[in-house]
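*Asks:* Have a look at this one.
The values are calculated or read from the model by the stated rules, or taken from the named source; none is laboratory data. Keep in mind the model is a prediction, meaning the values are calculated, not measured. Here Cβ is always computed from backbone atoms with ideal geometry, including for glycine, and neighbour counts include all displayed protein chains. Accessible surface is based on the protein model in full, side chains and every heavy atom, while ligands, DNA and RNA are left aside. Shrake-Rupley method; radii C 1.70, N 1.55, O 1.52, S 1.80 Å.
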Amino acid sequence: MAKTMAVNAGSSSLKFQLLEMPAEQVIAQGVIERIGMDDAIVTIKYGAEINAERLVGHSEDDEHITLSKDGKGKKYENVTAIKNHQQAINFMLQKLTDLGIIKDFNEITGVGHRVVAGGEWFNHSVVVTDEVLAKIDRLADYAPLHNPANAMGIRAFQKLLPDALSVAVFDTSFHQTMPDENFLYALPYEYYTRYGARKYGAHGTSHRYVASRAAELLGKDLKSLKLITLHLGAGASITAIKDGKSLDTSMGFSPLAGVAMATRSGDVDASLVYYIQEREGLTNEEMLNILNKKSGLLGISTISSDMRDLLDVQDTNEHANMAIRIFINRVVKYVGQYVAEMGGVDAIVFTAGIGENSVPVRKMIIDKLNYFGVKLDEEKNNVRGKEVEISTNDSKVKALLIPTNEELMIARDVESLKA
Ligand code: AMP
């Protein structure tokens, strides 16, 4: 059976998942971190059961394999010098062969790459051509940290697997259906035409995946539904999905906008940014760094960007409590906006790290949304990382928990683009 690799290349890391398609079975997944260093870390999980929690045991050697409790799942780990992405991918493919996960490189017939910015050029996933690659390079203006790394990953895979179908899957493309009243900022129009200054959104692959699963779980046609999808992770975004299309989303020109996040501020009055910058004598870069890395849950709580840490001390630490309240408040406000924009909602969907795992955060959000007819079933909500309806049977609006699966969506896009 054909194997497809879903790839997420960052500036110093490369995450991958290898799937048997069209069976949609994950056969290996892994990550190479600290690319460019002498002590890069390679991790590959494989075997019948791929489940990190069940992998036990540790070895002092740099290169070692540990077994899961049931003896089915395995984890390969190594610390070694890896100079660049090309070397990282070569090492990973060679290791997949050595470990018997693939017989040779040619078994991988498709590679799907996550690309952060697709601008207005890409409203769906595409086969990578020279022209596509040139556009991804040019879109680096919109995602300076991400697009160059994504392009580097694409080029490196193309060299090593020249016969595999190479596909680009954009974080922004799902949101290209937004109407102009939602994607335009009320700024002089010429900035849009000159610089593409508009809302692009993000997490599109995740919102698209959970929306399609929600329709399946509800037994309804996606095109007939009004959904609000809540991707609540370290980065968080909320999307209004009407008739299967993104109508509006909380992230903006960049992933800094929208709700408060782990370390990102979310929406802020632009003039306040200028005011603080002046008073503090900060450069543009320093100010942007504060908004991206020192704000959000971390900025308010002053103790942690991790929701778990804040929940642990919320009763005794005033700032942790405040950070949680601000997070919930922003999410609730966006949901309210989107109910108004769509003229109602059929279901709200929770996903990503916080959305999938935090029982209390889901409860705090839903309790504030009772007014439009969503009622939480506390027993059903007492669950983590599983596909499940968490609203009561008589809830007018359904609430669902759906773990996201961007890698599967990427692999499906590769499949659908095979001739
Ligand atoms: P993600 O970006 O989707 O990987 O989500 C990462 C975030 O999920 C982290 O910042 C954690 O704060 C959050 N998270 C993971 N597990 C839990 C949990 N059980 N309760 C609250 N937050 C969680």
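*Asks:* Accessible area per residue of region 282-395 at 1.4 Å probe, in Å²?
*Replies:* 51 Å²
*Asks:* Might you report the magnitude of the Cβ-based charge dipole of region 182-306 about its Cα centre, with Lys and Arg at +1 and Asp and Glu at -1, to the nearest 20 debye?
*Replies:* It comes to approximately 520 debye.
*Asks:* Let me ask something additional. Counting alpha carbon pairs within less than 8 Å and at least 6 residues apart, what relative contact order, in whole percent, applies to the chain?
*Replies:* Relative contact order here is 13 percent.
*Asks:* Nearest 5 percent is fine: what portion of the DSSP beta bridges confined to region 44-198 is antiparallel?
*Replies:* Antiparallel bridges make up about 65 percent of those DSSP assigns within region 44-198.
*Asks:* Only Lys, Arg, Asp and Glu count, each charged at its Cβ (+1, +1, -1, -1), so figure out the dipole size of the chain about its Cα centre, rounded to 20 debye.
*Replies:* Here the chain has a charge dipole of around 640 debye.
*Asks:* Quick one: Karplus J couplings for region 247-260, per residue in order, coefficients 6.51, -1.76, 1.60, θ = phi - 60°, nearest Hz, x for Gly and Pro?
*Replies:* Each residue's phi maps through the Karplus curve to give 9, 7, 8, 7, 6, x, 4, 9, x, 7, 7, x, 6, 5 Hz.
*Asks:* At a Förster distance of 51 Å, what's the computed FRET efficiency of residue 329 paired with residue 23, Cβ-Cβ distance as r, to 0.05?
*Replies:* 0.70
*Asks:* Could you sort out which of 15/418; 45/135; 294/375 sit more than 25 Å apart by Cα distance in this structure?
*Replies:* 45/135; 294/375
*Asks:* Which residue, 10, 408, 96, has the largest displacement toward the positive end of the dipole of the chain when charges sit on each Cβ (Lys, Arg +1; Asp, Glu -1)?
*Replies:* So the residue furthest toward the plus end is 408.
*Asks:* Given +1 on the Cβ of Lys and Arg, -1 on the Cβ of Asp and Glu, and no further charges, what dipole in debye does region 298-419 carry about its Cα centre, rounded to the nearest 20?
*Replies:* 280 debye
*Asks:* Just report the Cα centroid separation between region 300-346 and region 127-181, whole Å.
*Replies:* Each part's Cα centre sits 33 Å from the other's.
*Asks:* For a protection proxy built on the mean count of beta-carbon atoms within 10 angstrom, sort 11-18, 339-346, 99-106, 398-405 highest first, please.
*Replies:* Packing order, densest peptide first, comes out as 398-405, 11-18, 339-346, 99-106.
*Asks:* Let me ask you something else. Of 236, 186, 88, which is the most mobile in a GNM of the chain whose springs link Cα atoms less than 10 angstrom apart?
*Replies:* 186
*Asks:* Relative contact order for region 179-245 using alpha-carbon pairs under 8 Å, separation at least 6, rounded to a whole percent?
*Replies:* Computed over region 179-245, the figure is 24 percent.
*Asks:* While we're looking at this one, here's another question. Could you tell me what percent of the accessible area of the chain is made up of carbon and sulfur, with a 1.4 Å probe and every protein chain present?
*Replies:* It is 49 percent, rounded to a whole number.
*Asks:* Rg/Rh for the chain to two decimals, with Rh computed the Kirkwood way over all alpha-carbon pairs.
*Replies:* Result for the chain is an Rg/Rh of 0.96.
*Asks:* Check residue 28: other-chain or 5+ apart residues with amide H under 5 Å from its amide H, H built from backbone geometry?
*Replies:* For residue 28, the qualifying residues are 18.
*Asks:* Could I ask something else about it? Given the whole protein assembly as supplied and a 1.4 Å probe, what does the accessible area of residue 245 come to in Å², nearest 10?
*Replies:* 120 Å²
*Asks:* Can you tell me the orientation of helix 284-293 relative to the chain, as the angle in degrees between its alpha-carbon axis and the longest Cα principal axis, to the nearest 10?
*Replies:* Value to nearest ten degrees: 90.
*Asks:* Among the DSSP beta bridges whose two residues both lie in the chain, what percent are antiparallel, rounded to the nearest 5?
*Replies:* 70 percent
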